[in-house]
Amino acid sequence: MKQTLATILCFLFSTYSIAQIVFEKGYFIKNSGERIECLIKNKDWKDNPNNFEYKRSQDSEVSITSLKEASEFGVYERSKFKRFNIGIDRSSSDLNDMSYERVATIKKEILFLRVLTEGASNLFSYEDHNMKRFFYNVGQNDVEQLVYKLYKNDDEEIGENRRYRQQLMNSLKNDCISINQLKNIGYYEKEMINLFVKYNDCNSDSKSTSYLEKKLQRDTFNLTLRPGINSSSMSIDPPNTLRDAEFDNELSLRFGVEIEYVLPFNKNKWAIILEPTFQSYKSKTIIRGLDNPSLPLDRTFIANYKSIELPLGIRHSFYLSKKTKLFINTSYVIDLDIDSGIEIGLTSEFDENKVKTEINSRSNFAFGIGLKYAKFSTELRYGLNREVLGDLIFWDSSYQTTSLIFGYSLF
């Protein structure tokens with residue numbers, strides 16, 4: 001098993017180094033104003049970057065350029081960033097760190113802002129972990145932040161500074177946009193983009209360029225049927241024997257239904273997965289008696305274990321082509337056993353003297369690697385040790401499973 005896992009890891013890292021390097025046609029503008037056509041590593045950035053990687057051609061070396069060296073860069077038909085020396089409020093929206101000041105604290109920083117729309121008015125955004133801010137300008141006016149801030153008052157209640165609505169009313173009010181729309185607009189990307197596109201289309205002969213529409217399309221949710229084969233083993237160490245009860249490795253069928261939620265950043269490479277799965281294991285073993293007064297007779301152990309597993313995890317995908325991807329998972333597996341137990345008795349009088357020890361399983365972690373082509377997929381998954389006799393303090397137990405899983409995506 002260790003050799004198998006080592007082989008998988010070597011294959012994974014070698015594939016990772018190939019699949020992750022995706023350079024697409026783009027450009028950047030130097031401080032001197034020179035425009036460089038190149039290939040930019042498109043990371044489909046969630047957080048605004050401080051630098052970017054590029055190559056002059058497919059065969060050239062990779063270079064890194066920071067925001068100190070470039071005033072603008074972009075990946076054609078995907079994304080565009082411009083550098084500004086801009087005032088930004090970084091007040092926390094976390095309840096524990098939230099400010100008691102209603103007024104935003106604006107400090108100057110040099111940042112790459114993501115361009116969302118361009119036209120008679122321009123809309124930009126900046127994202128850093130859980131913080132998101134919008135910026136704008138109209139015509140030749142300076143770019144400034146649209147201010148929205150959460151704060152706590154003296155009664156520890158949360159208040160909202162919605163100054164951005166007044167800013168928009170002062171700047172974007174026209175025949176196409178009503179006062180009510182400006183008074184009620186939320187501080188959300190889609191609403192902001194729709195507003196600026198509407199304003200631009202009403203005030204300019206040329207249409208707006210919206211970079212949100214250029215993002216890669218993604219399947220937000222995927223539902224996949226996941227039958228497969230488990231290879232499982234179990235061992236227990238009762239307190240009144242001198243040796244562990246080692247059960248044989250057994251093959252059994254498993255069946256799961258996977259729900260995958262694809263996260264909207266990093267080129268659809270990250271996803272959250274949940275896979276309710278039925279699994280079972282049945283095996284019998286005998287501990288032979290020893291020439292020892294404490295263990296004079298053979299003992300029989302029969303394990304009958306059924307459960308519903310609930311693996312909740314993270315998946316990362318490496319796209320090899322439009323239809324093919326390699327993926328890796330890590331999951332935390334909650335196990336709900338179903339009428340399961342281990343029967344123990346003297347081999348010669350098993351039916352008359354057996355006792356049943358109830359299985360009460362614990363959670364464990366599992367790791368998998370797989371390949372998906374169109375709607376079909378296969379995965380090799382390895383589960384770490386799971387304790388199955390959790391309620392028995394003086395008993396040790398271990399359950400391990402390696403699974404070969406096949407998948408067919410319904411949507």
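Counting only residues that are β-branched (Val, Ile, Thr) and under 16 Å from Ser363 (Cα atoms), which one in the range 295-341 is nearest to the chain's Cα centre (by Cα)?
The first filter runs over the range 295-341 and keeps only residues β-branched (Val, Ile, Thr), leaving 300, 302, 308, 314, 324, 328, 330, 333-334, 338.
So of that shortlist, the ones also under 16 Å from Ser363 (Cα atoms) come out as 308, 330, 333-334, 338.
Values: Ile308: 23, Thr330: 10, Val333: 16, Ile334: 19, Ile338: 30 Å.
Only one residue fits best here, namely Thr330.
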Checklist entry - Scanning for something within 18 Å of Glu109 (Cα to Cα), under 26 Å from the mean Cα position of the chain (by Cα) and modelled with pLDDT of 90 or more, does the range 59-81 turn up at least one residue? => result yes
Checklist outcome for this item: Condition set among the β-branched types (Val, Ile, Thr) and either part of a strand (DSSP E or B) or modelled with pLDDT of 95 or more (or both), scope the range 1-42, selection farthest from Glu72 (Cα to Cα): answer is Ile40
Next on the checklist: Looking at the range 89-103 only, could you name the residues that are hydrophobic (A, V, I, L, M, F, W, C) and more than 15 Å from Arg162 (Cα to Cα)?
Outcome noted: Leu95, Met98
Next on the checklist: Given the options Arg381, Arg362, name the one that is farther than 15 Å from Ala303 by Cα and either part of a loop (DSSP other than H, G, I, E, B) or not assigned by TED's automatic domain parsing to the domain that holds Asp244 (or both).
Outcome noted: Arg362
Checklist entry - In the range 365-378, what residues are in a strand (DSSP E or B) and farther than 30 Å from Ile344 by Cα? => result Phe367, Gly368, Ile369, Gly370, Leu371, Lys372, Tyr373, Phe376, Ser377, Thr378
Next on the checklist: Of all residues being of a type outside the set (Ser, Thr, Tyr) and closer than 18 Å to Lys190 by Cβ in the range 132-167, which is surrounded by the most Cβ atoms within 10 Å (Cβ to Cβ)? Just the residue, please.
Outcome noted: Arg133
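Aromatic (Phe, Trp, Tyr), in contact with a Phe, Trp or Tyr (Cβ under 6 Å, 6 or more places away or on another chain) and part of a strand (DSSP E or B): which single residue out of Phe301, Phe255, Phe327 fits that description? First the steps, then the outcome.
Working: Phe301 fails: in contact with a Phe, Trp or Tyr (Cβ under 6 Å, 6 or more places away or on another chain); Phe327 fails: in contact with a Phe, Trp or Tyr (Cβ under 6 Å, 6 or more places away or on another chain).
On inspection, the qualifying residue turns out to be Phe255.
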Checklist entry - Within the range 112-126, can one find any residue that is free of Cβ contacts under 8 Å to residues at least 12 places away in the same chain and not acidic (Asp, Glu)? => result no
Checklist entry - Filter the range 381-405 for residues that are touching a Phe, Trp or Tyr at 6+ places or on another chain (Cβ under 8 Å) and of a type in the set (A, V, I, L, M, F, W, C); which is surrounded by the fewest Cβ atoms within 10 Å (Cβ to Cβ)? => result Leu384
Checklist entry - Does Arg315 count as assigned to a loop (DSSP other than H, G, I, E, B), modelled with pLDDT of 90 or more and of a type in the set (Lys, Arg)? => result no
Checklist outcome for this item: If we ask which residues in the range 384-411 are farther than 22 Å from Leu251 by Cα, of a type outside the set (Phe, Trp, Tyr) and not in a strand (DSSP E or B), their number turns out to be 5
Next on the checklist: Restricting to the range 311-338, count the residues that are loosely packed, with under 14 Cβ neighbours inside 10 Å and either touching a Gly at 6+ places or on another chain (Cβ under 7 Å) or under 14 Å from Ala374 (Cα atoms) (or both).
Outcome noted: 5
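The values are calculated or read from the model by the stated rules, or taken from the named source; none is laboratory data. This is a predicted model, so every value here is computed, not measured. All Cβ positions, even for glycine, are placed from backbone atoms using ideal geometry, and neighbour counts span all protein chains on display.
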